[in-house]
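**Student:** Submitted below is the structure of interest, expressed as structure tokens.
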Amino acid sequence: MDPKRKAITAAVVGTALGVGGLVVVAMPATAGDAPVLPQVSAEELVQSALNAKPPAFDGKVKVSNDLGLPQVGGALPGVSALDVDSAQVSTDGAGKSKISLTEGSSQQTIVRNGQTVWEYNSKDNSATKITVPAELAKEHQDKAEAVDPATVASELLGKVRESSTIAVDGTASVANRAAYELVLTPKPTERTLLREIRVAIDEQTRMPLRVTVLANGTSAPAFEASFSEINFAAQPASNFEFTPPKGAKVTEKTAEVDPKNRELAEQAKSEIKVVGDGWDTAITGKIPADALAKAGEAKDEQGRQVDPKALLSRFAKPVSGAWGSGWLVTTKVGSGVLTDDGRYAAGAVPEQVLFEALAAK
């Protein structure tokens with residue numbers, strides 16, 4: 001799966017399947033009369049959402065963002081990862097899923113059914129059938145549990161609670177469903193670029209229906225993903241079957257893990273360090289030398305060689321300090337630093353927090 005599909009799938013599935021979005025995004029209420037619902041405490045609402053298991057459903061998701069991401073003019077694949085108009089999401093509630101992403105006149109579809117995954121791109125009418133061996137599926141399942149949105153949210157929300165004011169801010173109607181509006185606001189001591197996080201949680205299923213991030217100094221949401229339509233019902237088996245369109249170029253392959261890539265991934269994972277807690281948490285680490293070398297061999301969508309430093313200079317600014325020197329990228333909801341020797345720090349925080357994290361031993 002290319003970077004664009006990975007990013008959008010994560011955004012949509014995070015919205016549809018768990019409260020992982022609680023610490024990532026948020027959104028304002030729609031116009032109209034707010035539904036009258038039984039009172040619920042913020043703590044009870046959070047716990048019920050974290051413990052809920054999403055049932056089978058089919059829904060349409062609208063995604064929009066004003067993150068302030070740097071414009072790199074398509075220099076690298078996936079840079080417009082959030083430029084999607086809508087997504088259709090279906091799940092049987094037991095592991096089978098289908099996601100169709102629409103951008104302009106093109107559509108990308110990903111269907112997962114047991115050990116078979118289909119990926120289809122209407123732009124070039126190409127389809128890839130991926131068979132995931134049982135032993136690899138088990139390994140991926142274990143990894144999925146380790147980063148399951150609800151699991152991650154439970155851990156992160158436990159920390160965010162101590163540094164947040166959490167409240168139920170009325171109700172809203174989302175996709176014709178009655179929902180509670182949960183709001184998380186950082187305490188004054190927190191150094192973060194985020195102003196608040198809002199999550200609309202379905203009154204009956206306790207599934208998040210809408211998430212929105214509001215950044216400091218802005219009135220409009222920096223990011224929002226919301227169901228515009230949703231139907232909680234058993235889904236027909238045909239929803240999770242895929243037949244390539246006539247004339248499609250079909251490629252078949254078996255998923256496997258390159259030992260070298262696995263080693264690089266494990267090396268990168270061992271380098272990751274969490275500095276701080278709550279809203280001003282920063283993640284630091286070091287990019288493996290082999291990965292940096294591959295970056296130097298990267299090509300753009302036209303097949304031209306990409307100079308990483310020249311690309312960085314187009315959307316990042318040079319910075320330096322006691323921690324060394326490198327490049328700083330800032331958006332409305334976060335910032336990141338990549339040092340000249342391959343270290344990095346990122347978070348929904350001001351640059352000074354990142355500099356301190358890089359300098360920490």
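**Student:** Give me a count of the residues in region 135-157 that are under 15 Å from Gly95 (Cβ atoms), open to solvent by 30 Å² or more (accessible area, probe 1.4 Å) and either at pLDDT 90 or above or of a type in the set (A, V, I, L, M) (or both).
**Tutor:** The total comes to 1.
**Student:** Give Val160, Val111, Val132 a once-over and let me know the one that is modelled with pLDDT under 90, over 28 Å from Gly334 (Cα atoms) and open to solvent by less than 20 Å² (accessible area, probe 1.4 Å).
**Tutor:** Numbers: Val160 fails: over 28 Å from Gly334 (Cα atoms); Val111 fails: modelled with pLDDT under 90.
Exactly one residue qualifies, and that residue is Val132.
**Student:** So, one more: Only one of Phe223, Phe242 is closer than 30 Å to Leu209 by Cα, at pLDDT below 85 and either open to solvent by 60 Å² or more (accessible area, probe 1.4 Å) or out of contact with any Pro (no Cβ under 9 Å at 6 or more places or on another chain) (or both); which? Give the steps one after another, and end with the answer.
**Tutor:** Details: Phe242 fails: at pLDDT below 85.
Just a single option satisfies the conditions, and that option is Phe223.
**Student:** Return the residues of region 352-361 that are over 25 Å from the mean Cα position of the chain (by Cα) and either surrounded by 19 or more Cβ atoms within 10 Å (Cβ to Cβ) or assigned to a strand (DSSP E or B) (or both); say none if nothing qualifies. Spell out how you get there, then give the answer.
**Tutor:** Residues of region 352-361 that are over 25 Å from the mean Cα position of the chain (by Cα), as a first pass: 356, 359-361.
Passing the criteria: only Glu356.
**Student:** Any residue in region 266-275 that is under 23 Å from the mean Cα position of the chain (by Cα), surrounded by 17 or more Cβ atoms within 10 Å (Cβ to Cβ) and either modelled with pLDDT of 75 or more or among the polar types (S, T, N, Q) (or both)?
**Tutor:** Within region 266-275 (the criterion being under 23 Å from the mean Cα position of the chain (by Cα), surrounded by 17 or more Cβ atoms within 10 Å (Cβ to Cβ) and either modelled with pLDDT of 75 or more or among the polar types (S, T, N, Q) (or both)), the answer is yes, since at least one residue qualifies.
**Student:** What residue, among those in region 226-239 that are part of a helix (DSSP H, G or I) and among the polar types (S, T, N, Q), is least open to solvent (accessible area, probe 1.4 Å)? Spell out how you get there, then give the answer.
**Tutor:** Applying the first criterion (part of a helix (DSSP H, G or I)) to region 226-239 yields 237-239.
Checking which are among the polar types (S, T, N, Q) leaves us with 238-239.
Details: Ser238: 74, Asn239: 38 Å².
So, considering only residues that are part of a helix (DSSP H, G or I) and among the polar types (S, T, N, Q), the one least open to solvent (accessible area, probe 1.4 Å) is Asn239.
Per-residue answers, yes or no, for (1) part of a strand (DSSP E or B); (2) open to solvent by 50 Å² or more (accessible area, probe 1.4 Å); (3) at pLDDT 90 or above:
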residue	(1), (2), (3)
Glu190	no, no, yes
Gln204	no, yes, yes
Val211	yes, no, no
Lys253	yes, yes, no
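**Student:** Mind checking which pairs have a first residue in region 312-329 that is closer than 14 Å to Leu354 by Cα and a second that is acidic (Asp, Glu), Cβ under 6 Å, 6 or more apart or different chains?
**Tutor:** Ser325/Asp340; Gly326/Asp340; Leu328/Glu351
**Student:** Would you tally the residues in region 176-227 being hydrophobic (A, V, I, L, M, F, W, C) and over 28 Å from Val36 (Cα atoms)? Reasoning before the result, please.
**Tutor:** We begin by selecting, within region 176-227, every residue hydrophobic (A, V, I, L, M, F, W, C); these are 178-179, 182-184, 193-194, 197, 199-201, 207, 209, 211, 213-215, 220, 222-223, 225, 227.
Checking which are over 28 Å from Val36 (Cα atoms) leaves us with 193-194, 215, 222.
The total comes to 4.
The values are calculated or read from the model by the stated rules, or taken from the named source; none is laboratory data. None of the values given here were measured: they were computed from a predicted structure. All Cβ positions, even for glycine, are placed from backbone atoms using ideal geometry, and neighbour counts span all protein chains on display. The accessibility values were calculated without ligands, DNA or RNA, using every heavy atom of the protein model including side chains. Shrake-Rupley method; radii C 1.70, N 1.55, O 1.52, S 1.80 Å.
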